[in-house]
Amino acid sequence: MFEKKLLERFVKYARVWTTSDPKSKETPTTPGQWDLARMLEAELRTLGARDITLTPHCYLIARIPANAPKPAQGFLAHLDTSDEVSGKDVHPVIEESAAGGVVVKSGGATLLGADDKAGIAILVTAAEWFLLHPEVEHGELEFIFTPDEETGKGLPDFPLELIHSKTCWTIDGGEEGEVEIECFNAYRALVSFEGRVIHPGNARGILVNAALMASVFAAMLPRSESPEATDGYYGYYCLMEIKGRQDEAHIELILRDFTREGMERRLAALQAIARAVEAQFPGGKVTVKTEPSYFNMKEKIAAHPEVMERLTKAMQTLGMQPVLKPVRGGTDGSRLTELGIPTPNIWTGGRNFHSVDEWVSVREMDSACRLVIELGRL
Ligand SMILES: [Zn+2]
């Protein structure tokens, strides 16, 4: 129904270089995100949107006022693409897939950027539909385009005070039908090792080697609970960095688990490993500091059963059932949910994100666009 428009828009947005930079301290972390935000601002204005805000940190919000007494809803997609693969000079290749239907692939040298330019194309096309159909009743609709989702750096500058919606949806998922309302609980841990140094020739019974303590600590992490050994609902410990010398050493780890109890077990395990290392290195000291990064949104979404009821109803209108899938990561939605706005994640039709093999199905973008329209009307 919207395939032609979605394809045109997607290819146009995919060509804009919006790779974000996790090392930058600014929001947005790269100037290319402004190029896309300004392109969208102009396009939405041409389509007839009148209430448009572009914040100093590159958050673009386009509103369509309510024409019926229904609650406001927000729809989000992110402007940036992952820096894991180049996103410069993207040349989208349009092909007829073996299974039928048009797909867009990357030329092979770059990512495609369906994560999340497919989401952007879906939202602009849905906004256009509402602007062309003023007779259709809906509450206020907020279309929100965010910078730096991939780096996670944008959220402190998220203009929460500007958002009217009590429910939002991110359009940032994969396969058609998949809806994500569960994500990891995430912690970061910094472990410090203090040793005692002396000339190795006179070291017996005195030297406490902090570098060695750190390597023993790392070796005691359960390898059956690493990212490479787990999937689905299994959490993990992931060693991110290890550095040190004889006098002191440091380890950085991330911990992931879907349940609170599982996360508490992991946090306690780090303390137990610290004590076991101290027991092996008399005189040495191990300190574990942990901090949460984000939490599983499941409980907070479950506290608002009407959100999933609305989604199920909208999908049934399209002849579909939600396929619930846990996200082994976090999204803008998990952070918004944490802040009190339940925000499930909806598919875009994209696959193989953050790689040169990325592709997107135009038919699945179309079903996501029709879902956004159904949600907007409910
Ligand atoms: Zn994304």
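The values are calculated or read from the model by the stated rules, or taken from the named source; none is laboratory data. As the structure is a computational prediction, the values presented were derived from the model and not from experiment. Cβ coordinates were reconstructed from backbone atoms using ideal geometry, including for glycine residues, and neighbour counts include every protein chain displayed.
Let me confirm something: among Q316, Q321, which residue is modelled with pLDDT of 95 or more and surrounded by fewer than 18 Cβ atoms within 10 Å (Cβ to Cβ)? Before you say what the answer is, go through the steps one by one.
Numbers: Q321 fails: modelled with pLDDT of 95 or more.
That would be Q316, the only listed residue that is modelled with pLDDT of 95 or more and surrounded by fewer than 18 Cβ atoms within 10 Å (Cβ to Cβ).
Among the strands (runs of 3 or more DSSP E) lying completely within region 77-151, list those that include at least 1 residues that are within 12 Å of the ligand (Cβ to nearest atom) and touching a His at 6+ places or on another chain (Cβ under 8 Å).
141-146
Please enumerate the residues belonging to region 1-18 that are within 17 Å of Q33 (Cβ to Cβ), assigned to a helix (DSSP H, G or I) and aliphatic (A, V, I, L, M).
Once the filter is applied, which keeps residues that are within 17 Å of Q33 (Cβ to Cβ), assigned to a helix (DSSP H, G or I) and aliphatic (A, V, I, L, M), region 1-18 yields only A14.
Among the numbered criteria (1) away from the ligand (no atom under 16 Å from the Cβ); (2) in a loop (DSSP other than H, G, I, E, B); (3) under 24 Å from N185 (Cα atoms), which single criterion is violated by Y237?
(2)
I need a count of the residues in region 1-31 that are among the aliphatic types (A, V, I, L, M) and at pLDDT below 95.
The initial filter retains those residues of region 1-31 that are among the aliphatic types (A, V, I, L, M), namely 1, 6-7, 11, 14, 16.
If we keep only those that are at pLDDT below 95 as well, we get 1.
The qualifying residues number 1.
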